[in-house]
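No value in this document is a laboratory result; all are computed from the given coordinates. This one's a predicted model, so the numbers in the text were calculated from it and none came from an experiment. Because the Cβ atoms are built from the backbone with ideal geometry, glycine has one as well, and the counts that use them run over all protein chains shown.
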Amino acid sequence: MGFKATLKGAVLAGMMAAFGAGAAMAQAACEETQFSSKTGEVYLKAEQAAMQNKDFNTAAQALGQLKSMELNCYEEGAVLKLSAYINIERGDRQGAVRDLMSALEKGYIPEKDAAQTYYNIAQIHLQDENVEKALEFMKKWQQAGGKPDRQQKWQLAVLYQRVDDFKTSIKWAEEVKRDDGSNYKQEVYDLLIYLYNSVDDKAKLASILEEVLVRNPTERKYWDAIAGNYFAANEERKAFEVQKAMYLAGLLTKEEELMRVVNFYNRFNAPYHAAQILEKEMNAGRVSKSLKNLELLANLYQVAREHEKAIPVIKQAASAGGGGPMLERLGRSYADLQQWEETEDALQQALKAGGLKDRATAYVMIGQSRYERDDRSGAREAFRQAGNRAGRSWLQFMDSEEATADALVCFEVQSAYLNVENEAKICKRLEVLGEDNVPESCKTVPERLQAAQEKFNSTPECRAQRS
């Protein structure tokens, strides 16, 4: 049975409970207490056709006949009430409202039943989706002494929500929640979540979402609501923790959702964890192995200093269309691992593939790889091809390095020569003591001095000192 059908049943039951039919509902303000024989016969025909036979057309015809007759107040009240009932059954809800309002205005409905009648009118308007009118008569019902039960409080909460009076809706929804106690009703929690979010009451929203998650730990929409609440409050760290929990619970399956988790890990300085998740999801097929994603994975591993893990990813990216730039990146990774032959090979391929923003830097790295392998002439050639500041700095460094090496070689040769020369001078001064008293080493000084001088003169590294 649909919502409107349920409402209709409630209206009919309420109407019958409020005033029944016929003479049973004589109004105290009306001195008449019964039908005349003529009108009574027609009324009974109408009532029987409507309530027993459900022949509403015949009932309506009989009522039409009655309305054309001169009626006393008692008879008119009974006719209006029965007419309202028949109109409801025939689907003429506005006709039913007119009948009931007329009965109220003319005093044909006892004061003790006025509240129920207002409530019935509210339900009729609700069947017509006239929310404003329904709410108007719900208020009249309360003003006339109507005391909402749990179901009516829920109806009030929904009606106020539909007219965007969220604060009043919250009042009634919270009362419903209190009435329910431990009897958990999902629709009540859903409405409160919506309302708290609408009035931006983040504290109550967070609290009720936590309650819901305890009961529905795998219900995705509540996790999203909590994360959205943190995002709205610019509490990205908390939003990240929620997203992480959702991922670990297996609630995230779409590529954009998984990439959000990856980017969160990276943003909060956990590039290795970000790379692990990305690679896992790419291997599982939930994230595409696009060039963009491969580049990101390689970058995450490189930032995490996991160059050995980055290398196979960079190769995949190069094969996926990354071309020269990815091959250059491959060379850099090999350089970080000090695998110099692989460095030069990757960079040479990058230069051939093209697309590099900075070819000079590639040549500098090739020069460095050759330098590390003691290919000094090859390194100089690469640095000259670079032709940039870094290449020139390397050449100057190599010149300085070689000059220092030459200076050290000459220093050793020259020091040896000067040592023998000083020894010769000492031996010369000792000659006054007699040949027998001169140290034995002095006898070989001339030959050693000549050999040291010849070595000094023939050492290329000492050219500057000889001049």
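Quick notes on this one:
- In sequence order, calculated HN-Hα J values of segment 95-108 (Karplus, 6.51, -1.76, 1.60; Hz; x Gly/Pro): x, 5, 4, 4, 4, 5, 5, 5, 4, 5, 5, 8, x, 8
- A simple spin-label model places the labels of Gln465 and Glu257 7.8 nm from each other, with each point 7 Å out along Cα-to-Cβ.
- Prolate/oblate/rounded label for segment 332-383 (Cα gyration tensor, a/c 1.5): oblate
- For segment 64-105: rounded, prolate or oblate by the Cα gyration tensor [a/c cutoff 1.5]: oblate
- Extension gain, Tyr184 back to Ala403 (0.36 nm per residue minus Cα-Cα distance, nm): 70.2 nm
- Global size of segment 222-295 as Cα Rg and Dmax, reported in angstrom: 12.3, 35
- Note, ³J(HN,Hα) from phi for segment 56-68, Karplus 6.51, -1.76, 1.60, rounded to Hz, x at Gly and Pro: 6, 5, 4, 4, 5, 4, 4, 5, x, 5, 4, 5, 7
- Ranked from largest, the principal axis spans of the Cα set of the chain equal 176, 49, 32 Å.
- Peptides 161-174, 280-293 ranked from most to least packed by the mean count of surrounding Cβ atoms within 10 Å: 161-174, 280-293.
- Other residues within the sphere of radius under 14 Å centred on the Cβ of Ser393, judged by their own Cβ, net out at +2 (K and R +1, D and E -1).
- Estimated at 0.36 nm per residue, the fully extended path between Ser441 and Val303 surpasses their Cα-Cα distance by 43.1 nm.
- Estimated D of segment 147-248 in µm² per second, where Rh is the Kirkwood radius over Cα pairs and Stokes-Einstein applies at 10 °C, 1.306 mPa s: 111 µm²/s
- Two-site FRET efficiency, Ala232 against Arg392, from Cβ-Cβ distance with R₀ of 51 Å, rounded to 0.05: 0.40
- Note that segment 308-314 has calculated 3J(HN,Hα) couplings of 5, 6, 6, 4, x, 5, 4 Hz, one per residue in order, obtained from phi through the Karplus relation 6.51 cos²θ - 1.76 cosθ + 1.60 (θ = phi - 60°); glycine and proline are x.
- Kirkwood radius, segment 60-166, all distinct C-alpha pairs, inverse of mean reciprocal distance: 14.6 Å.
- Once the C-beta distance of Ala206 and Lys133 is scaled by a Förster radius of 41 Å, the resulting FRET efficiency is 0.65 to the nearest 0.05.
- Where a label projected 7 Å from the Cα of Arg376 along Cα→Cβ would reach, residues of segment 434-462 with amide N under 16 Å: 460-462
- Subtracting the Cα-Cα distance of Ala245 and Asn283 from 0.36 nm times their residue separation leaves 11.6 nm of extension gain.
- Computed from the Kirkwood radius of its Cα pairs, the Stokes-Einstein diffusion coefficient for segment 283-434 at 10 °C and 1.306 mPa s stands at 85 µm²/s.
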